[in-house]
1. Limiting things to C-alpha atoms, what are the Rg and the maximum Cα-Cα separation (Dmax) for the range 64-108, in angstroms?
2. How do the peptides 129-138, 164-173 rank, highest first, by the average count of neighbouring beta carbon atoms within 10 Å per residue?
3. Keeping the other protein chains in place, figure out the carbon and sulfur percent of the accessible area of the chain, with a 1.4 Å probe.
4. With P(r) over Cα pairs in 10 Å bins from 0, in percent in mind, check (1) 8, 22, 19, 13, 12, 10, 8, 4, 2, 1, 1, 1; (2) 9, 30, 28, 21, 11, 2; (3) 9, 32, 29, 22, 7, 1 and report the label derived from this structure.
5. Please name which of 7, 95, 176 has its Cα lying farthest along the dipole of the chain towards the positive end, using unit charges on Cβ (Lys, Arg +1; Asp, Glu -1) and the Cα centre as origin.
6. Against the longest alpha carbon principal axis of the chain, how many degrees, from 0 to 90 and to the nearest 10, is the axis of helix 85-107 turned?
7. What accessible area per residue comes out for the chain, rounded to a whole number of Å², with a 1.4 Å probe?
8. For the range 55-147, what is the relative contact order in percent, using Cα pairs closer than 8 Å and at least 6 residues apart in sequence?
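The values are calculated or read from the model by the stated rules, or taken from the named source; none is laboratory data. Keep in mind the model is a prediction, meaning the values are calculated, not measured. Because the Cβ atoms are built from the backbone with ideal geometry, glycine has one as well, and the counts that use them run over all protein chains shown. To get the accessible areas, we keep the full protein, side chains included, count just its heavy atoms, and leave off ligands, DNA and RNA. Shrake-Rupley method; radii C 1.70, N 1.55, O 1.52, S 1.80 Å.
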Amino acid sequence: ITHSRYPKPNWMLNESVTDKVWLLSKVGFDSSFHHENKDHANKLSFKRVTSPNEYLTDEANQPLFTDIQNSLLYLNAIGKISRSDRITDILISTTNLILHANELRHANNKPNIRVLSQIKFEDVKDYLMSFDVDRSIFDKALTSIFERWDSKGDVDWGLLKTESNVTSRKFASLKHKLTN
């Protein structure tokens, strides 16, 4: 995939598929309305967090950025993507998985993921397992909230995340369970 070139999708309004922001027609093809009125097109920015203080569009992540763009173009070329909105969902899921894996790697003093082939089964498994929250982590966070704050609006979620020592994905699940 790294060295392949794929055709520009018919729903893409950009001139180049290597742009850091893709303009996507809101329908599955390049309508003349969206082509002439690009302000009404959906914008897909590849500037997404992939590890603490790093974005997918940073120079260090250029191979990963290219891998992801080529993968999205490949999925379109083989007909696996039927609507342009699906591209956004895939990008978000992919970068969330990479962020989760890189946070764990950072905690274990391991190098960040720089290409898609570095994602291992254990990374995917741990990411999927992070949607569940251990009872002990939930109870500890709940106790901390009750001891410090009077309402949900007062909770310092950043402080709680730091104290919980969990990944962003796991904390999002924890926060959801705590607030609901």
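1. In order Rg, Dmax, the Cα atoms of the range 64-108 give 12.6, 39 Å.
2. 164-173, 129-138
3. 51
4. Given (1) 8, 22, 19, 13, 12, 10, 8, 4, 2, 1, 1, 1; (2) 9, 30, 28, 21, 11, 2; (3) 9, 32, 29, 22, 7, 1, the structure-derived one carries the label (2).
5. Of 7, 95, 176, it is 7.
6. On a 0 to 90 degree scale, this one is about 40.
7. Result: 60 Å² per residue.
8. Dividing the mean separation by the residue count of the range 55-147 yields 27 percent.
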